[in-house]
Amino acid sequence: MSLTPYFAFAKKSFLQKSAYRLNHWMGILNTLIRLFIYIEIYRALYGGRESVDGITLSMVTTNFILALGLESFFIVDDFYLSNRINNGSIATELLLPVTFYGRMLASNLGVALFELIFHFLPAMIFAVLFFGIQAPLGFGNMILFLLSALFGYGVLWSLSFLFQMFSFWLLNVWAIMTIKNVFINVLSGSMIPLWFMPDFMKKIISFTPFDSIYFTPVQIYLGNVTSGQIAAGFLKQIIWIICLMSAGFILWNKGKRKLVVQGG
């Protein structure tokens, strides 16, 4: 199967995103404002102390910078499928000589690449200059962090893919997408570092895919995990991607059989 059409879809999404320059600058400003608010809150909570229960303020600051930075380009269009079902265009798209989910992924990756270059990197430069960031334990940890972040995006996209399949049975998936995103924000470590979660919550979260999105890459970056735990973290990310995508494909195949175009 040729990948050329998918590269074309990714390029189209990249170019479309570049047309909205004001939105791009507002995105960077939004990330920096959120960083400032979160970091200042934790500085106040720390009250001048260097660490709390072994968790240093530097670790917390680095967690927020990396997690919100990754979030800035971990772009997933949760309504890609539902929009095309509601306007009827899915009927035409299913006839194209490419897979629908492949096109969906390519479009998301095009936007993510744009955000990586023009949002993530500038935001990280500003964050490092104004807030400071703890250096990675070593070059190897930096490489493993990037690889884990890639798998983290895979988990995030797979979750979205699975939940989008409910578009075949629901007129509006906004509610379940909102619930999904709330769980991601709270349980992935991007809003609240998982170090501060109660032990019973940590155990529950460890059986979910949420910590694999942001917290696992950050832990690897900081060097807070052993080589065995790094391997387990990668394995967990891969397993969740496979499980979520498999469940999504099952719903996709069932949904296509009962598809009713509502527009067009």
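Listed values, structure above:
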read-out: Contour excess over end-to-end distance, with Cα ends at L259 and N181 and 0.36 nm allotted per residue; value: 25.5 nm
read-out: Max mean-square fluctuation residue, GNM over the chain, Cα-Cα springs under 10 Å, options G110, G248, G228; value: G228
read-out: Fraction in percent of alpha-carbon pairs per bin - 5 Å, segment 43-200; value: 1, 7, 13, 17, 17, 14, 11, 8, 5, 4, 1, 1, 0
read-out: Sequence-separation-based contact order of the chain, relative, with Cα cut under 8 Å and 6+ spacing, percent; value: 28
read-out: Length released on extending from S58 to K11, taking residue separation times 0.36 nm less the Cα-Cα span; value: 13.1 nm
read-out: FRET efficiency estimate (nearest 0.05) - Cβ-Cβ, N83 to Y20, R0 25 angstrom; value: 0.90
read-out: Part-to-part distance (alpha-carbon centres) for segment 1-29 and segment 57-86, which is given in Å; value: 16
read-out: Net charge dipole size for segment 1-143 [Lys, Arg +1 and Asp, Glu -1 on Cβ; Debye, nearest 20]; value: 380
read-out: At q = 0.08, 0.15, 0.16 Å⁻¹, base-10 log of I(q)/I(0) for the chain (Debye sum, equal scatterers on each alpha carbon); value: -0.35, -1.17, -1.30
read-out: Angle in degrees between helix 227-257 and the longest Cα principal axis of the chain, rounded to the nearest 10; value: 20
read-out: Point-to-point label distance, L29-F166, nm (Cα→Cβ direction, 7 Å offset); value: 3.4
read-out: Cα gyration tensor of segment 182-229 - equivalent ellipsoid semi-axes, whole Å, descending; value: 17, 12, 10
read-out: Segment 144-264: radius of gyration over Cα atoms, expressed as a fraction of 2.2 N^0.38 Å; value: 1.20
read-out: Intensity falloff of segment 1-86 expressed as log10 I(q)/I(0), Debye formula with alpha-carbon point scatterers, at q = 0.21, 0.23 Å⁻¹; value: -1.06, -1.16
read-out: Extension gain, I250 back to I37 (0.36 nm per residue minus Cα-Cα distance, nm); value: 72.5 nm
read-out: Helix-only [θ]222 nm of the chain, DSSP H runs n ≥ 4, -39500 (n - 2.57) each, per residue, nearest 500; value: -22500 deg cm²/dmol
read-out: Residue with peak Gaussian network fluctuation, the chain [Cα springs, cutoff 10 Å], from F126, F210, F200; value: F200
read-out: Calculated FRET value between A44 and N224, using beta carbons and R₀ = 30 Å, to 0.05; value: 0.80
read-out: Probe 1.4 Å, protein heavy atoms only - accessible area per residue of the chain in square angstrom; value: 51
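The values are calculated or read from the model by the stated rules, or taken from the named source; none is laboratory data. Since we're looking at a predicted model, the values are computed, not measured. Don't worry about glycine lacking a Cβ; one is built from the backbone with ideal geometry, like all the others, and counts go over all protein chains shown. Just so you know, the surface numbers come from the protein's heavy atoms only, side chains and all, with ligands and any DNA or RNA stripped out. Shrake-Rupley method; radii C 1.70, N 1.55, O 1.52, S 1.80 Å.
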